[in-house]
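Chemist: If you scroll down you'll find the structure; I have some questions about it.
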Amino acid sequence: MSPMHGPREDVTALRRRIVEMKRFSGLPETAARPRLPLGEPLDGALGGGLARGALHEAFTADPGQSGALLGFALALAALPRRPVLWVRQDMATLESGEIHGPGCAQFGLDPARLLLVGAADATDTLAAAEEALGHAGLGLVVAEPWGEARLLDLTATRRLALRAERSGVPVLLLRPAADPHPSAATTRWHVAAAPSRPAPGMPAFCLGPPAFVLDLARNRLGPTGRFTVEWNAHARSFSPAPRRPHLAAPADRPAAPQLAGGPPRPLPGGWRHAG
């Protein structure tokens, strides 16, 4: 399979491609640091960054946030300089769309470092991710099954965590259209989109850096918390999202009219008539 498109490959061809991409990265296997710095304030909660050799999982904060979840994963994939292997269940591609090369570049991820693997179901998705975690030259493995996959229980996530620990390669388990269950993940994130500020020096309708509300619901290495951050693709780092100024109503706007019968009448239970 080419980095972005192409037919499925067997396991032998996949292993060969990983070795080729590792050689392309030009980094020795001992170059990896124990953590991937994400930027403040996230690094402060994580003890310096996202732990390598560990399982991390991310969910959507609500069903309409699959795009934000995908953007968060692209940002994490841009952090390491090594190749990234992303296993997507076919249903995830049908529901969320193909991963677009120019879109990856806008997140700071070189598409040439991204190897996409298609999987028919959650079983194949998990098997391919476990196989990939046997290659220490990867910078990140992303596994993206779709929906409530029963096989992704505590035992299955422990296998992923153990393989990640042995190879030193972090694995991100993306769970669109799924609810959290007991797992062996080191961190658990709930991801939602946040309003982006206007691009500097551009009209207000030109969106700036992508922004996220990240709810760190589980953190085995430190505190949990909620963070509103934006992603800087050039620095490949998160930073606190600037507060959006409160826009007051124009001074010449007339006051809202009152009903003929006076102010709204209270209703039982604290409800009021719409005014």
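Please treat every number below as a calculation from the coordinates, not as lab data. Treat the numbers as computed from the prediction; the structure is a model and nothing was measured. Ideal geometry is used to build each Cβ from the backbone, glycine not excepted, and the neighbour counts take in all protein chains shown.
Chemist: Place the peptides 217-223, 180-186 in order of packing, highest mean first, counting for every residue the other Cβ atoms within 10 Å and averaging per peptide.
Modeler: 180-186, 217-223
Chemist: Okay, next question. Looking only at Cα atoms, what is the convex hull volume of region 50-106 per residue, in Å³?
Modeler: 109 Å³
Chemist: In Å and from the alpha-carbon atoms only, list the Rg and Dmax of region 174-231.
Modeler: Reported Rg and Dmax, both Å: 15.0, 46.
Chemist: Give me the base-10 log of I(q)/I(0) for region 102-143 at each q in 0.17, 0.19, 0.22 Å⁻¹, Debye formula, one uniform scatterer per Cα, rounded to two decimals.
Modeler: Listed by q, the Debye log ratios stand at -0.55, -0.66, -0.81.
Chemist: On average, how much area does the Cα convex hull of region 97-183 cover when viewed from any direction, in nm²?
Modeler: One quarter of the hull surface, i.e. the mean projection, equals 6.0 nm².
Chemist: Ranked highest first by average number of other Cβ atoms within 10 Å, how do 38-50, 147-159, 100-112 line up? Working shown, then result.
Modeler: On the way: 38-50: 18.0, 147-159: 14.4, 100-112: 16.1.
Peptide ranking by packing, descending: 38-50, 100-112, 147-159.
Chemist: If you don't mind, there's one more thing I want to ask. Dividing the alpha-carbon Rg of region 114-230 by 2.2 N^0.38 Å yields what? The partial results should precede the final answer.
Modeler: Working: Rg = 16.9 Å, N = 117, 2.2 N^0.38 = 13.4 Å.
Region 114-230 yields a ratio of 1.26.
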